[in-house]
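Engineer: Sharing a structure with you now.
The values are calculated or read from the model by the stated rules, or taken from the named source; none is laboratory data. The model shown is predicted, which means the values in this text are computed figures rather than measured ones. Here the Cβ is made from the backbone with ideal geometry for all residues, glycine too, and neighbour counts use every protein chain on show.
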Amino acid sequence: MTATPTTTLELHHLQAIVRAMHDVALTDGVHDAERVMLRGFYESCQRDAAALASFDDLVAMPFDLAAVVDDFRQPAQKLALLHSCLLLAHADGDYSAAERSKVQAFADALNVPADELRRIEEGVTDYLLQQISRISNTDALQEVAKELQG
């Protein structure tokens, strides 16, 4: 379950993931980078799925994981939700303690063991490091790597 999610998700899964990501962002205040990432992700999904709900309407609804946990039974669906939330948590450059706690609560509700969550977190960190590996300023790259692993 540690690879990048590749399962087919239905519209209700994507909307729940967006609401979960927004819930994570709310834990320490929604930063501009998080808002841009989240809005762009949903609006792309919205176009592809011809969804009627706007981004603003979707995130205005409080997120209740207990209400959607049964929709995330497959390991790849759980991974998609957690992976997405972790990417969002890193969007502002700081995976805060509050965000970690929220993601842990999601993993607990989805019955994802702590060691598996740790592997997912490491996978997201590796993915993000790969994305920035082309940076020519190695001092900056090393600083970002320390923050991601920290």
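Engineer: Do you know which of the residues in the range 76-96 that are among the aliphatic types (A, V, I, L, M) and in contact with a Phe, Trp or Tyr (Cβ under 7 Å, 6 or more places away or on another chain) is nearest to VAL112 (Cα to Cα)?
Structural biologist: LEU82
Engineer: Read through the list (1) surrounded by 14 or more Cβ atoms within 10 Å (Cβ to Cβ); (2) modelled with pLDDT under 90; (3) of a type in the set (Asp, Glu), then give the number of the only condition that GLU121 fails.
Structural biologist: Failing condition for GLU121: (2).
Engineer: Also, quick follow-up: Of all residues being polar (S, T, N, Q) and under 23 Å from GLY29 (Cα atoms) in the range 61-113, which is surrounded by the fewest Cβ atoms within 10 Å (Cβ to Cβ)? Just the residue, please.
Structural biologist: SER101
Engineer: Can you pull out every residue in the range 61-76 that is assigned to a loop (DSSP other than H, G, I, E, B) and in contact (Cβ under 8 Å) with a residue 60 or more places away in the chain?
Structural biologist: Passing the criteria: only GLN74.
Engineer: Pairs please, first residue from the range 8-25 and closer than 15 Å to LEU82 by Cβ, second anywhere and of a type in the set (Ser, Thr, Tyr), Cβ atoms under 8 Å, 6+ apart in sequence or on different chains.
Structural biologist: Final answer for the pair search is LEU14/TYR42; ILE17/SER84; VAL18/TYR42; ALA20/SER84; MET21/SER84.
Engineer: Just wondering, is there one or more residues in the range 42-60 that are touching a residue at least 12 places away in the same chain (Cβ under 8 Å), under 13 Å from LEU14 (Cα atoms), assigned to a helix (DSSP H, G or I) and of a type in the set (Phe, Trp, Tyr)?
Structural biologist: Yes; the residues of the range 42-60 include at least one that is touching a residue at least 12 places away in the same chain (Cβ under 8 Å), under 13 Å from LEU14 (Cα atoms), assigned to a helix (DSSP H, G or I) and of a type in the set (Phe, Trp, Tyr).
Engineer: Another question, then. Could you pull out the residue among ALA49, ALA91, ALA76 that is of a type in the set (A, V, I, L, M) and over 15 Å from the mean Cα position of the chain (by Cα)?
Structural biologist: Among ALA49, ALA91, ALA76, only ALA49 is of a type in the set (A, V, I, L, M) and over 15 Å from the mean Cα position of the chain (by Cα).
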